[in-house]
Amino acid sequence: MQEAVAAYRAALEVRTREAVAMGWAITQENLALLFEVMADQGDEPQEKLEAALEAVSGALEVYREVRATYDIGTAERLEARLRERLAALEGSS
């Protein structure tokens, strides 16, 4: 999984927000999904969920700027799920 994270981060260096906004946002959202899977596997779940939330928030900024309604909807659902999971983790601590 760490290799996948490294690959996404490398892609973000090429697909910059300034050069390819939608490509960057899609990569960010995919990175968020990867972090969520990593959290499911018990590898520092709170840290992974926080990283996922940060990534999807960046994607949402772009989606809203370009008014990509479908992508906004999917990213908002992911963001809500991540926030709910983080709250549950924090509540159990």
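Residues checked against (1) over 24 Å from Met1 (Cα atoms); (2) assigned to a helix (DSSP H, G or I); (3) charged (D, E, K, R); (4) in contact with a helix residue (DSSP H, G or I) (Cβ under 9 Å, 6 or more places away or on another chain):
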{"site": "Gly23", "(1), (2), (3), (4)": "no, yes, no, yes"}
{"site": "Asn30", "(1), (2), (3), (4)": "no, yes, no, yes"}
{"site": "Leu34", "(1), (2), (3), (4)": "no, yes, no, yes"}
{"site": "Asp43", "(1), (2), (3), (4)": "no, no, yes, no"}
{"site": "Gln46", "(1), (2), (3), (4)": "no, yes, no, yes"}
{"site": "Glu54", "(1), (2), (3), (4)": "no, yes, yes, yes"}
{"site": "Glu61", "(1), (2), (3), (4)": "yes, yes, yes, yes"}
Checklist entry - Counting just the residues of the stretch 38-77 that are free of Cβ contacts under 8 Å to residues at least 12 places away in the same chain and over 13 Å from the mean Cα position of the chain (by Cα), which one comes out nearest to Thr16 (Cα to Cα)? => result Arg64
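Condition check ((1) modelled with pLDDT of 95 or more; (2) among the small types (Gly, Ala, Ser)) across all residues:
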{"position": "Gln2", "(1), (2)": "no, no"}
{"position": "Ala25", "(1), (2)": "yes, yes"}
{"position": "Lys48", "(1), (2)": "yes, no"}
{"position": "Ala52", "(1), (2)": "yes, yes"}
{"position": "Ile72", "(1), (2)": "yes, no"}
{"position": "Glu76", "(1), (2)": "yes, no"}
Checklist outcome for this item: Across (1) open to solvent by 40 Å² or more (accessible area, probe 1.4 Å); (2) under 18 Å from Arg81 (Cα atoms), Val20 clears everything bar (2)
Checklist entry - From the set of residues in the stretch 51-69 that are farther than 13 Å from Glu29 by Cα and of a type outside the set (S, T, N, Q), which is least open to solvent (accessible area, probe 1.4 Å)? => result Ala68
Checklist entry - Does the stretch 70-93 hold any residues that are basic (Lys, Arg) and either more than 26 Å from Gln2 (Cβ to Cβ) or open to solvent by less than 30 Å² (accessible area, probe 1.4 Å) (or both), and which are they? => result Arg77
Checklist entry - Exactly one of (1) among the basic types (Lys, Arg); (2) on the phi > 0 side of the Ramachandran plot; (3) touching a residue at least 12 places away in the same chain (Cβ under 8 Å) is unmet by Arg17. Its number? => result (2)
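The values are calculated or read from the model by the stated rules, or taken from the named source; none is laboratory data. What you see is a predicted model, and the numbers here were worked out from it, not measured in a lab. Heads up, the Cβs are rebuilt from the backbone with ideal geometry, glycines too, and the neighbour counts pull from every protein chain shown. Ligands, DNA and RNA are excluded from the accessible area calculation, which covers all protein heavy atoms including side chains. Shrake-Rupley method; radii C 1.70, N 1.55, O 1.52, S 1.80 Å.
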